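Q: Sharing a structure below in structure tokens format, with a few things to ask.
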Amino acid sequence: MGVTLTGYLEVPDADIALVEAHLPDHIALTRAESGCVSFDVRPDPADPNRYQVNEEFRDRAAFDLHQKRVKSSEWGKVTAHLARSYEICDEISE
């Protein structure tokens, strides 16, 4: 089984510099996590205040550990106030 998360992060103009300052470390730390298959957060070319998020983790346990780590991380703390819209899908391998 794998878990994917797709969606976006809404970033007001006043917070873009904050997001850009912390995003490289967040991406590097996440990609280094055991169970991370892929992880991308990129500005939406059609909307400068929206960052597209695409994540894939090996299984639910890896995804849950990621979520737990992020909540206590510097990224989690400085972006906690930002609006997020995500869809999470558990995929079952046959």
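Throughout, read-outs are computed from the coordinates displayed, never taken from laboratory work. Every value quoted in this text rests on a predicted model; they were computed, and no experiment measured them. For neighbour counting, all protein chains shown are included, and Cβ atoms are generated from backbone atoms with ideal geometry for every residue, glycine included.
Q: Can you compute the helix-only [θ] at 222 nm over the chain? Use -39500 (n - 2.57) per DSSP H run of at least 4 residues, normalise by all residues, nearest 500 deg cm²/dmol. The partial results should precede the final answer.
A: Working: 3 runs with 35 residues, N = 94.
Estimated from H runs of four or more residues: -11500 deg cm²/dmol.
Q: Computed over the Cα atoms of the range 2-91, what is the ratio Rg over Rh, Rh following Kirkwood? Kindly include the intermediate steps, with their values, before the conclusion.
A: Numbers: Rg = 12.6 Å, Rh = 13.3 Å.
On the Cα set of the range 2-91, Rg over Rh gives 0.95.
Q: With the contact rule set at Cα under 8 Å and sequence spacing of 6 or more, what percent relative contact order holds for the range 2-91?
A: On the way: 140 pairs, mean separation 42.1, N = 90.
About 47 percent, as a whole number.
Q: Let me ask you something else. Pick out, from PRO48, TYR8, PRO24, the residue whose Cα sits farthest towards the positive end of the charge dipole of the chain, with +1 on the Cβ of Lys and Arg and -1 on the Cβ of Asp and Glu.
A: Final value for the positive-end residue is PRO24.
Q: Same structure, new question: Does anyone have the angle between helix 60-72 and the longest principal axis of the chain? Alpha-carbon axes, 0 to 90°, nearest 10?
A: Approximately 30 degrees, to the nearest 10.
Q: List CYS89, CYS36 from most exposed to least, where exposure is judged by having the fewest other Cβ atoms within 10 Å.
A: Lowest count first: CYS89, CYS36.
Q: Can you give me the angle between helix 16-31 and the longest principal axis of the chain, using Cα atoms only, in degrees from 0 to 90, rounded to the nearest 10?
A: 20 degrees
Q: If you don't mind, there's one more thing I want to ask. Please work out how much length the chain gains when fully extended from ARG84 to LEU65, using 0.36 nm per residue of separation minus the C-alpha to C-alpha distance, in nm with one decimal. Write out the running numbers ahead of the final one.
A: Numbers: separation 19, 0.36 × 19 = 6.84 nm, distance 1.91 nm.
Roughly 4.9 nm would be gained on extension.
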